[in-house]
Amino acid sequence: MRLNPFDTSKIDVRSSGGGGVGKAGGLGCGTIILAAIGYFVFGLDPMQTAATVEGIQQQSSSNSGDVITDEQAICTSSEYANEACNVLTSLNETWSQEFQRQGYGEQFRGPGLDLFRDGRVSTEGCGNATSAVGPFYCPADQRIYIDTSFYDTLERQLDAGGDFARYYVMAHEYGHHIQTLTGVANSIRSAQQQNPRRANQLQVLMELQADCYAGVWAGKNRNLIEPGDIEEGMQAAAAIGDDRLTGGRVSSENFTHGTSQQRSDALRLGLRGDDRACDAITNIG
């Protein structure tokens, strides 16, 4: 996908948590592979991992640590960082225009981005996390946290490489930001608290909508899509379906992100470029 060079005056990006954001040659221990996947799709033990992530998101402790805030230096530090800055810029521009088009421009504000690798990261509203958590969005501070080593996992362990696969991960997390701005996230959390037995089912709807929103961004930038991009995105979506990662060892009642087919279908729906179709996914009445 051909993205314009980033404009650091329009994005909020920082590097923290240790390890840098470069493209490393190895994955390290298998714990990173399993645990990163465990967060992103709650694959190997979804109930336990979901509880862990929920705990992280509900923490409100202040944090310390080395944080680099020179956007230009961060965005030029590696291939992955350069991509992330470009994608964030494009996502901000696309969704800002969409909010303006629908008459809700005053509600839009872009999320921050924190890049780290094989280390530990401190958030301003969701406590501390390590690389084991993988990519995540913190609604409390409205920042996306990307452990760039997850991209190596995606390519080498899940056979879902390519730049558009990485863009899809970022766009999915950005989708959670859209849910925060529109109030969908709060509505779903409230519904989960009122009906705990439906908590996983409702979480699946949240994740599928985020997949759909990722497709909307790509659909609204079809002029930038290159041959093979859509296939990369679909392969990535399918690779991180709950059923694919668990190999059938976990029942559908415990799924929290959706099956490979559901995730691919949600991304495909969004590619039509109409976010209203995505809105309907979480219309729980």
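Show me the helices (runs of 4 or more DSSP H) found entirely inside segment 96-205 where at least 2 residues are more than 20 Å from SER78 (Cβ to Cβ) and among the polar types (S, T, N, Q).
The qualifying helices (runs of 4 or more DSSP H) are 163-182, 184-194.
Against the conditions (1) more than 17 Å from the chain's Cα centre (by Cα); (2) farther than 23 Å from ALA266 by Cβ, where does SER187 fall short? Just the number, please.
(2)
Any residue at all in segment 90-98 that is touching a helix residue (DSSP H, G or I) at 6+ places or on another chain (Cβ under 8 Å) and over 20 Å from SER9 (Cα atoms)?
Yes: one or more hits.
Just wondering, is there one or more residues in segment 158-181 that are at pLDDT 95 or above, within 15 Å of the chain's Cα centre (by Cα) and aromatic (Phe, Trp, Tyr)?
yes
Using beta carbons and a limit of 6 Å, which pairs, at least six apart or on different chains, have the first residue in segment 114-140 and under 9 Å from SER16 (Cβ atoms) and the second one of a type in the set (Lys, Arg)?
ASP114/ARG14; ASP114/ARG143
Within segment 79-132, track down each residue that is closer than 19 Å to ALA218 by Cα, of a type in the set (Gly, Ala, Ser) and more than 17 Å from the chain's Cα centre (by Cα).
SER96
Could you tell me which numbered condition ALA73 fails, if it satisfies all but one of (1) under 18 Å from HIS177 (Cβ atoms); (2) touching a strand residue (DSSP E or B) at 6+ places or on another chain (Cβ under 9 Å); (3) assigned to a helix (DSSP H, G or I)?
Here ALA73 clears every test but (1).
Within segment 109-131, work out how many residues are surrounded by fewer than 18 Cβ atoms within 10 Å (Cβ to Cβ) and in contact with a Leu (Cβ under 9 Å, 6 or more places away or on another chain).
Qualifying residue count for the region: 1.
I need a count of the residues in segment 208-250 that are surrounded by fewer than 17 Cβ atoms within 10 Å (Cβ to Cβ) and either touching a Ser or Thr at 6+ places or on another chain (Cβ under 6 Å) or under 25 Å from GLU98 (Cβ atoms) (or both).
So the count comes out to 5.
Each row is one residue, and each column tells you yes or no for (1) of a type in the set (Val, Ile, Thr); (2) touching a Pro at 6+ places or on another chain (Cβ under 7 Å); (3) touching a residue at least 12 places away in the same chain (Cβ under 8 Å); (4) part of a helix (DSSP H, G or I).
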position: CYS212; (1), (2), (3), (4): no, no, yes, yes
position: TRP217; (1), (2), (3), (4): no, no, yes, yes
position: ASN223; (1), (2), (3), (4): no, no, no, yes
position: ILE230; (1), (2), (3), (4): yes, no, yes, yes
position: GLY233; (1), (2), (3), (4): no, no, yes, yes
position: ALA237; (1), (2), (3), (4): no, no, yes, yes
position: ARG244; (1), (2), (3), (4): no, no, yes, yes
position: GLN261; (1), (2), (3), (4): no, no, yes, yes
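Checking GLN261 against (1) within 24 Å of ALA140 (Cβ to Cβ); (2) surrounded by fewer than 15 Cβ atoms within 10 Å (Cβ to Cβ); (3) touching an Asp or Glu at 6+ places or on another chain (Cβ under 9 Å), only one condition comes out false. Which one?
(1)
The values are calculated or read from the model by the stated rules, or taken from the named source; none is laboratory data. For clarity, every value in this text was computed on a predicted model and none was experimentally measured. Cβ: placed from backbone, ideal geometry, glycine included. Neighbour counts: every protein chain shown.
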